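Q: Next up is a structure, given as structure tokens.
The values are calculated or read from the model by the stated rules, or taken from the named source; none is laboratory data. Source: prediction; values computed, not measured. In this analysis, Cβ positions are derived from the backbone assuming ideal geometry, glycine residues included, and neighbour counts consider all displayed protein chains. Note: accessible area is taken over every heavy atom of the protein model, side chains too, but ligands, DNA and RNA are not part of it. Shrake-Rupley method; radii C 1.70, N 1.55, O 1.52, S 1.80 Å.
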Amino acid sequence: METSIKVVEGVHWVGARHPDLKVFDDLFPTRNGTTYNSYLIQGTEKTALIDTVKERFSDEFFNKVSEHIDPSKVDIVVVNHTEPDHSGAVAHIIEKNPDVQIYCSKAGENFLKQLLNKPFNAVNVNDGDEIDLGGKTLRFVIAPYLHWPDTIFTYLVEEEILFPCDAFGAHYCPEKLFDDEINEFYSDFHFYFDCLVRPFKDKVRDALKKCEGLPIKMVCPSHGPIRRSTGNFAIESYARWCAEPINDGRPKALMAVLSSHGNTRDMANVIATELKDQGVDVDMFALSDMRDDDYRDALEHADVLLIGTPTIQRDAPPHVWHALSLVSSVTPKSKLGAVFGSYGWSGEAVKMVEQRMTGLKYKLVAEGISFRFTPTKENMDVCRSFAEQVAGAVLTEE
Ligand code: FEO
């Protein structure tokens, strides 16, 4: 049976490995499984756990804790984040010790109430709050949306260790736990960031600002290897990936277009030419042949999103819906948008896409236009007016 692993004196990893996991949360594929990291911190006065594990791994978790202390004697559980892969064993700890103190954010307490559906002894923490366990001081950093609204980081002052829960983690189940004992796992680290953290780049910047000046020797995330020698590399990577977009001059339109017979593309070309004439650059994407990551990058830099869609069988094609589904996976620079397209029979797609964009909190800056079959010269004049309206709205926002 696997045992706990010493991190530093008085700090042990008591988590669980899940090497066979293929898809995390039924959403994200994992190439190398994952781990659920929990840490036991023992001071001379008190003992605390930083997070727990997914509920089905509770037995092995408690076995590891029991190597050091009777689990019913644990004084504090810090819930950095309430998602059940980390809070799954909290209910069992409360059963063993109803007086155990649960340190968490206010949002974390609210979430836990409805996750546990039983009373518990919550202690809300704020930025800079500390608890002294006896020679081991835990300091808290509120880091909302990394990646849930409840997230906090915990910093072990004497050892200069940051416990950031999901942030800086990776779905990667190594044979050994420390980064300096295993092969490189950068691609898993980056993929995990893309899936979980990328939509919250501005929140990452806020959290990193709060951690500025904090000496950090080690980063102990809740998934994947412990960064004993590359903690600062992980932090610097997040800082680089989440840097503010550079304003490189003229505003930019992201134009995502699907065109079965070339008519919507012809409209797109006329609109693009007029936009450029008006002072707005255009990034054109063919939705039938785009890399999601390129499109996501473009969303983060575009001042307006234009969708060109035909109507196929009374709907917008799946590529269009997919492109819209990616909006919530990033922080778009702008939420200005407009829709256009050609159709053959019924022509519902433009209105349907407008509704979806409105649902995604886009402000439509020009009324959608749709023309039947081949656009006429008059139709193309309307396309130019449409582009003028879009450009006007974008340039006003600048
Ligand atoms: Fe690993 Fe957001 O839970």
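Q: What is the magnitude of the charge dipole of the chain about its Cα centre, with +1 placed on the Cβ of each Lys and Arg, -1 on the Cβ of each Asp and Glu, and no other charges, expressed in debye to the nearest 20?
A: My answer is approximately 720 debye.
Q: Kindly work out what percent of the DSSP beta bridges joining two residues of the chain are antiparallel, to the nearest 5.
A: If we restrict to bridges inside the chain, about 45 percent are antiparallel.
Q: Let me ask you something else. Over region 252-397, what percent of the accessible surface lies on carbon and sulfur atoms, probe 1.4 Å?
A: Carbon plus sulfur share of accessible area: 48 percent.
Q: Using alpha carbon centroids, what distance separates region 346-398 and region 144-204, in Å?
A: For region 346-398 versus region 144-204, the Cα centre distance is 41 Å.
Q: Quick check: the angle from helix 292-301's long axis to the longest principal axis of the chain, C-alpha only, nearest 10 degrees?
A: Rounded to the nearest ten degrees, it is 80.
Q: So, one more: Quick one: which residues, 5+ away or cross-chain, put their amide H under 5 Å from the amide H of Gly344? H built at 1.01 Å from N.
A: Thr311, Phe373
Q: Can I ask one more? What FRET efficiency comes out for Lys335 versus Lys113 if R0 is 22 angstrom and r is the Cβ-Cβ distance? Round to the nearest 0.05.
A: 0.10
Q: Ranked from highest to lowest mean number of other Cβ atoms within 10 Å per residue, what is the order of the peptides 285-295, 77-87?
A: 77-87, 285-295
Q: Convert each backbone phi in region 215-231 into a coupling constant with the Karplus relation 6.51 cos²θ - 1.76 cosθ + 1.60 (shift: θ = phi - 60°), then list the ³J(HN,Hα) values in order as whole Hz, x for Gly and Pro.
A: After applying 6.51 cos²θ - 1.76 cosθ + 1.60, I find x, 10, 8, 8, 10, 10, x, 8, 9, x, x, 6, 8, 7, 10, 10, x Hz.
Q: Give me, ordered by chain and number, the residues 5 or more places off Ile102 or on other chains with an amide H under 5 Å from its own placed amide H.
A: Val77, Asn121, Ala122, Val123
Q: Order the peptides 166-173, 105-112, 303-310 from the highest to the lowest mean number of other Cβ atoms within 10 Å of their residues.
A: 303-310, 166-173, 105-112
Q: In Å², and per residue, what accessible area does region 1-93 have when probed at 1.4 Å with the other protein chains present?
A: Per-residue accessible area for region 1-93 comes out at 40 Å².
Q: Between Leu326 and Asp25, how many nm apart are label points set 7 Å from Cα along the C-beta direction?
A: Spacing of the two 7 Å Cα→Cβ label points: 2.0 nm.
Q: Let me ask something else. So what's the angle, to the nearest 10 degrees on a 0 to 90 scale, between helix 263-277 and the longest Cα principal axis of the chain?
A: On a 0 to 90 degree scale, this one is about 80.
Q: So which of Lys203/Lys276; Lys46/Lys217; Lys54/Lys333; Lys73/Lys106; Lys22/Lys363 end up more than 29 Å apart, counting from Cα to Cα?
A: Lys203/Lys276; Lys54/Lys333; Lys22/Lys363
Q: Give me the number: length gained by fully extending Ser346 to Gln313, i.e. 0.36 nm times residue separation minus the C-alpha to C-alpha distance, one decimal in nm.
A: 11.1 nm
Q: I would also like to ask the following. Label-point separation (nm) for Glu212 and Thr137, each offset 7 Å from Cα along Cα-to-Cβ?
A: 2.2 nm
Q: Let me test this: with uniform point scatterers at the alpha carbons of the chain, what is the Debye-based log₁₀ I(q)/I(0) at q = 0.06, 0.08, 0.15 1/Å?
A: -0.32, -0.53, -1.17
Q: Looking only at region 281-321, which residues have a backbone nitrogen under 18 Å from a spot 7 Å from the Cα of Leu364 in the C-beta direction?
A: Residues passing the 18 Å test: 304-312, 314-317, 320-321.
Q: Same structure, new question: Each label point is 7 Å from the Cα along the Cα-to-Cβ direction; what then is the distance between the points at Arg240 and Arg384, in nm?
A: The modelled label-to-label distance comes out at 4.7 nm.
Q: Figure the gain on full extension for Asp99 and Lys73 (residue separation times 0.36 nm, minus the Cα-Cα span) and round it to one decimal in nm.
A: 8.4 nm
Q: For region 1-69 and region 275-291, what is the centre-to-centre distance using only Cα atoms, to the nearest Å?
A: 47 Å
Q: Let me ask something additional. Residue by residue through region 14-22, which ³J(HN,Hα) values in whole Hz follow from phi under the Karplus form 6.51 cos²θ - 1.76 cosθ + 1.60 (θ = phi - 60°), with glycine and proline marked x?
A: With the stated coefficients, region 14-22 comes to 10, x, 9, 9, 9, x, 8, 4, 9 Hz.
Q: When all protein chains stay in place, what accessible area (Å², nearest 10, 1.4 Å probe) is found for Lys118?
A: We get 70 Å² for Lys118.
Q: As I understand it, the value is the acute angle between the Cα axis of helix 349-359 and the longest principal axis of the Cα atoms of the chain; what does it come to in degrees, rounded to 10?
A: Compared with the principal axis, the helix lies near 40 degrees.
Q: Something else now. Using +1 at the Cβ of each Lys and Arg and -1 at the Cβ of each Asp and Glu in the chain, identify which of Ser72, Met218, Ser105 lies farthest towards the dipole's positive end.
A: The listed residue farthest towards the positive side: Ser105.
Q: Here is a follow-up. Nothing charged except the Cβ atoms of Lys and Arg (+1) and of Asp and Glu (-1): what's the magnitude of the dipole of region 214-264 about its Cα centre? Round to the nearest 20 debye.
A: Once rounded to the nearest 20, the dipole reads 180 debye.
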